Amino acid sequence: MNHIDLLHSQHTGARDTSTTTHASQALTHHTMAKHPHYCTSVTPSCPVTSTVYGYYPSLPGNILLCIVFFLCLLLQLYYGIRYKTRGFTIALTIGCFAEALGYIGRILLHSNPWNQSYFDIQICCLVLAPSFLAAGVYLALKGLVIKFGSEKSRLRPGLYPWVFVGCDVVSILMQAAGGGAAATEDR
């Protein structure tokens with residue numbers, strides 16, 4: 001019994017029990033493999049190998065990284081308040097928070113790699129967070145140039161954050177455009 005006969009038998013109520021079960025399983029597996037957005041959990045017709053990653057994200061590794069970034073967040077807040085480094089502290093705090101949140105998304109993906117919400121959380125946070133961490137480095141670079149002499153720099157100290165953060169913004173927009181194009185290509 002082919003897929004057409006199976007669909008016809010479902011509409012007319014005809015039953016050929018010897019082949020209907022096998023054909024419906026084949027149709028289900030074919031549908032899931034061709035259209036993975038129908039999968040919501042790991043099942044025989046939606047194996048973990050068909051997910052975006054193809055495996056269960058490591059629970060110990062992601063827990064460790066989540067804890068590390070959360071501790072970095074707390075330390076950054078402490079030292080930022082103590083030494084009054086407002087811009088640097090804001091950039092690094094946002095970056096560490098987003099990294100920790102991204103790893104929480106990966107921890108949640110371990111229980112169900114098909115969950116689109118968990119995937120979206122981890123992919124957005126882990127792609128955007130390094131830009132905030134880099135912005136903190138650019139602000140520190142500005143301070144270093146001021147401390148060691150702006151005459152030794154090719155750029156004025158105030159331009160460092162603008163130039164490098166501007167490049168990061170362009171990079172993020174290009175990543176977003178590429179991700180959007182890849183996401184809509186399958187549909």
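Modelled label-to-label distance, Met174 and Thr43, 7 Å Cα→beta-carbon offset: nm?
It works out to 4.2 nm between the two label points.
Within 10 Å, count the other beta carbons around each residue, average over each peptide in 66-73, 164-171, and list them highest first. It would help to have the intermediate numbers written out before the result.
Values: 66-73: 16.6, 164-171: 13.8.
Highest-to-lowest ranking by the protection proxy: 66-73, 164-171.
Express the Stokes-Einstein translational diffusion coefficient of the stretch 103-179 in µm² s⁻¹, to the nearest whole number, given a Kirkwood radius over alpha-carbon pairs, 37 °C and a viscosity of 0.692 mPa s.
Reported coefficient: 225 µm²/s.
Could you work out how much longer the chain between Val52 and Glu151 gets when fully extended? Use 0.36 nm per residue separation minus the Cα distance between them, nm to one decimal.
Numbers: separation 99, 0.36 × 99 = 35.64 nm, distance 5.00 nm.
Gain in length upon complete extension: 30.6 nm.
Net charge within 13 Å of Leu133 by Cβ-Cβ distance, Lys/Arg positive one each and Asp/Glu negative one each, not counting Leu133 itself?
Working: positive: none; negative: Glu99, Asp168.
Taking every Cβ under 13 Å from that of Leu133, the sum is -2.
With 10 angstrom as the radius, rank Trp162, Trp114 by how many other C-beta atoms surround their C-beta, starting from the fewest.
Values: Trp162 13, Trp114 21.
Neighbour counts put them in this order, fewest first: Trp162, Trp114.
Using only Cα positions of the stretch 30-173, each an equal point scatterer, no hydration layer, compute I(q)/I(0) via Debye at q = 0.15, 0.19 Å⁻¹ and quote the log10 values to two decimals.
Log10 I(q)/I(0), no solvent term: -0.82, -1.06.
Net charge near Gly143, counting Lys/Arg +1 and Asp/Glu -1 over other residues with Cβ under 13 Å of its Cβ?
On the way: positive: Lys84, Arg86, Lys142, Lys147; negative: none.
Within the 13 Å Cβ shell, the charges total +4.
Coordinate-derived values only; no laboratory data. This is a predicted model, so every value here is computed, not measured. Here Cβ is always computed from backbone atoms with ideal geometry, including for glycine, and neighbour counts include all displayed protein chains.
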